[in-house]
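These notes are about the structure you will find just below.
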Amino acid sequence: MKLHKKIGIAVIAASVPLFSCSDLTVPESVTVKSEGAKYGFPLGSTEFKISEKFSAQKVQDAINSSSANLTVYEFNPENSGDSIIEYIMEYQVERKEIATTSLKTTIQSARGALPDGAPEAAVEAAKNAAINDFIARVPQANGKYVYTADRLSATIDTGLNFKSIFDSFASSDDEDGGSDSSERTDYSDIFNKIGFTGVKAYAYIDKDGIDSDIKFIGKIDVKGSDTEAATPYNLVNATLNPVSAVDETPDLASLADDNGVISTDFVSDTEQYPMSAELNGDNMTAFINGEEVGGLYVKHEKVIIDYELTPSIEFDNEDEVRAFLEAMLDENAESATATVSIILRFPLKLKIIEDIVIDDLLDFAGSAQEGDLLNRDDGEDGSDFDEYSDFIENINCEYKFTNGMNLDFSAKISSNTVDGEKFFEDKSIEFDGEEHSFSMDKSEISKIMSKSPFTPAISATISKTTSDEDDFIRITRDASFGAWAVFNLTTGGSAEVWNSEDSGE
């Protein structure tokens, strides 16, 4: 409904009781006199804590959408609000049996050499002789028997898709009911302009069904595709420095509180929570950032774990070797297994690789005003507003922006274009958490009143950071972001809002 009609209806509605209970004649016209009346037209608002916007649960939900079996916790060992937001991500790669094909082949050969129907005692004797022969060939080092079992290897598609995970944060709706994400601008390329740093990774290979010490020789790689041409990012090269098995992987669920926050620094306390190996964090960080294309980082759409690990088992004496080999041949005995798990420590510590331009900041936050700010229909003829331009004493915009993320923001309020003409020139705005305002001149007021739709927007630019390590941006737990803006229309003087001739009466 048009602004002057809103005012007119209000005046007429208030006058009806007066005319109905008196002898007064209905006037031919109604004129409104207003001094300093103020009408607010919100452009939009949003306010949130970064720790809530990027909570472990929201990261978990984003990961679940990519069908990955990965558990996310918040990590706050300092138990402080001004510490960097960090996540712990746990992925169980695979559980495999520790076996030896060569032993079983040796036993089968010994049994096969016996005639059909051989007595059980003869079969048992042949087995024991084969085991003795096998033990005799087990190398010894430093007074220990060192037995090499079959190599464990696999190429595992984790189901993780870093691109879709990051994209989900750039397209998620505001919880309080923002604009429909299906109608919003696609901001997913923003994360191609963001690089992370400081990611750490740890391997836990826990053993079960065997008490002896186990070391693994081999490698663990991660890559973004299961094709032969995919570049592998090596996480550990255990050829020269074997990694050890542990009795168990830390029970992260028991370390987390009801909000999913882990305060115990289990990655540092390796005496109580031993790990198999700290992986190559630089390579893990590089993988998460993605492949560099034209100066940007395109995120991987797959996370493939490729590993080859050969168990080397140490036995103190021959009896331990014999007991292990016999257990392998016993179908009723518990199998010796190894479970490979990888835990990531992911801090929100980042840099902006290229300027990020957000054309509509409130739309990005999911709380933008839709349609004409004065609630007019698109393209509605505003010529009948011209006579009220003098009635409008002032139009100003009040706004406040809070940037607690340490990002280098610059922003402006821009006008859309109708008939090739902007309603007003761009207005630079401050990002200091204080309230500010700017006003429109008479020509700008006239344009706003006479044309539609009037759909101003707040655009923002996050500036590129330098390549220095110290210039990485640290997103802390108590960081917040807030933005609101409102256009105020102040009236003054008088204007005719109803005329019997115009209404056809």
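A few points about this structure:
- The stretch 417-430, residues that are open to solvent by less than 30 Å² (accessible area, probe 1.4 Å) and over 32 Å from the mean Cα position of the chain (by Cα): Val418, Phe423, Phe424
- From Asn394, Asn406, residue being of a type in the set (S, T, N, Q) and in a loop (DSSP other than H, G, I, E, B): Asn406
- So Asp381, is it modelled with pLDDT under 80, farther than 30 Å from Asp189 by Cβ, surrounded by fewer than 20 Cβ atoms within 10 Å (Cβ to Cβ) and out of contact with any helix residue (DSSP H, G or I) (no Cβ under 7 Å at 6 or more places or on another chain): yes
- Residues that are exposed (fewer than 11 other Cβ atoms within 10 Å of the Cβ) and small (Gly, Ala, Ser), drawn from the stretch 238-271: Ser254, Ser268
- Test: residue in the stretch 331-338 that is over 15 Å from Asp189 (Cβ atoms), touching a strand residue (DSSP E or B) at 6+ places or on another chain (Cβ under 6 Å) and small (Gly, Ala, Ser): yes
- Comparison of Arg151, Arg137, Arg95 shows that the only residue that is open to solvent by 80 Å² or more (accessible area, probe 1.4 Å), modelled with pLDDT of 85 or more and touching an Asp or Glu at 6+ places or on another chain (Cβ under 8 Å) is Arg151.
- Counted residues, the stretch 488-505 - those being modelled with pLDDT of 80 or more and either under 30 Å from Ser80 (Cα atoms) or exposed (fewer than 13 other Cβ atoms within 10 Å of the Cβ) (or both): 0
- Test: residue in the stretch 122-131 that is crowded, with 16+ Cβ neighbours inside 10 Å, touching a residue at least 40 places away in the same chain (Cβ under 8 Å) and more than 52 Å from the chain's Cα centre (by Cα): yes
- Taking the criterion of being over 19 Å from the mean Cα position of the chain (by Cα), open to solvent by 50 Å² or more (accessible area, probe 1.4 Å) and under 29 Å from Ala238 (Cβ atoms), the residues of the stretch 290-309 that qualify are Glu292, Glu308.
- Out of Ala68, Ala62, Ala56, sole residue that is within 50 Å of the chain's Cα centre (by Cα), among the small types (Gly, Ala, Ser), at pLDDT 80 or above and under 23 Å from Val261 (Cα atoms): Ala56
- Each residue in the stretch 431-487 was checked for being touching a helix residue (DSSP H, G or I) at 6+ places or on another chain (Cβ under 9 Å), part of a strand (DSSP E or B) and open to solvent by less than 30 Å² (accessible area, probe 1.4 Å), and 10 of them qualify.
The values are calculated or read from the model by the stated rules, or taken from the named source; none is laboratory data. Not measured: the values here are computed from a predicted model. Positions of Cβ are generated from backbone atoms using ideal geometry, with glycine treated the same way; all protein chains shown enter the neighbour counts. Side chains are part of the model used for accessible areas, which takes the heavy atoms of the whole protein and leaves out ligands, DNA and RNA. Shrake-Rupley method; radii C 1.70, N 1.55, O 1.52, S 1.80 Å.
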